[in-house]
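Data first, discussion second: the structure below is written as structure tokens.
The values are calculated or read from the model by the stated rules, or taken from the named source; none is laboratory data. Small disclaimer: the values here were computed from a predicted structure and weren't measured. Cβ: placed from backbone, ideal geometry, glycine included. Neighbour counts: every protein chain shown.
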Amino acid sequence: MAEVFATATVGAHNRIGQTAVLRASAATTTSYVATNHMRCADGVSIVFNFDLTWVDSTSQQWYVEWSDDGTTWRRETSTSNVAGVWTHVVKSQSMTLGASTSWTDGQELNAPRTALGAYCRLQVKKTGGGGADALAVSATIFVDRN
């Protein structure tokens, strides 16, 4: 796994980032496929980066999984309380695609998120289309530089 180090100033914090390839460019399927995982213990935040070669899929979908040991995985969830009833659902994201779609169209696509385990990975898939869309995924983890 290739790793690249970069420094960044995030707000008032001086942080260093480490980038790793989680998935080399490969055809996406209509079933979820796990990427490689990345160690993210001690990370303050993590950003996932996508590089898509679009052919004809309707959308690309993904969700984040976290692990404390790199073998047992739990999905990131969203929790809500309506009239005293708690509901937990898998927090998945989707990008609807078309000829004029840009990955920058997704507001939360590269939004930093808090690391929720010692390791992370994504599950990715496409919907629709019979072409060979290809997707590469990398992740940058930021830690405080003290």
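Within the stretch 86-119, the set of residues being at pLDDT 85 or above and loosely packed, with under 10 Cβ neighbours inside 10 Å is empty.
Among strands (runs of 3 or more DSSP E) entirely within the stretch 8-72, having at least 1 residues that are touching a Leu at 6+ places or on another chain (Cβ under 8 Å), surrounded by fewer than 16 Cβ atoms within 10 Å (Cβ to Cβ) and modelled with pLDDT of 90 or more singles out 13-27. Cβ separations smaller than 7 Å between residues 6+ apart or across chains give the following pairs from the stretch 22-42 residues that are touching a residue at least 40 places away in the same chain (Cβ under 8 Å) and small (Gly, Ala, Ser) to residues that are surrounded by 14 or more Cβ atoms within 10 Å (Cβ to Cβ) and assigned to a loop (DSSP other than H, G, I, E, B): Ala27/Asp133; Ala41/Ala118. Restricting attention to the stretch 73-85, the residues that are at pLDDT below 85, surrounded by 15 or more Cβ atoms within 10 Å (Cβ to Cβ) and not charged (D, E, K, R) total 0. Residue count for the stretch 135-146, restricted to those that are part of a loop (DSSP other than H, G, I, E, B) and surrounded by 15 or more Cβ atoms within 10 Å (Cβ to Cβ): 0. If only residues of the stretch 120-134 that are assigned to a loop (DSSP other than H, G, I, E, B) and on the phi < 0 side of the Ramachandran plot are counted, the one that is surrounded by the most Cβ atoms within 10 Å (Cβ to Cβ) is Asp133.
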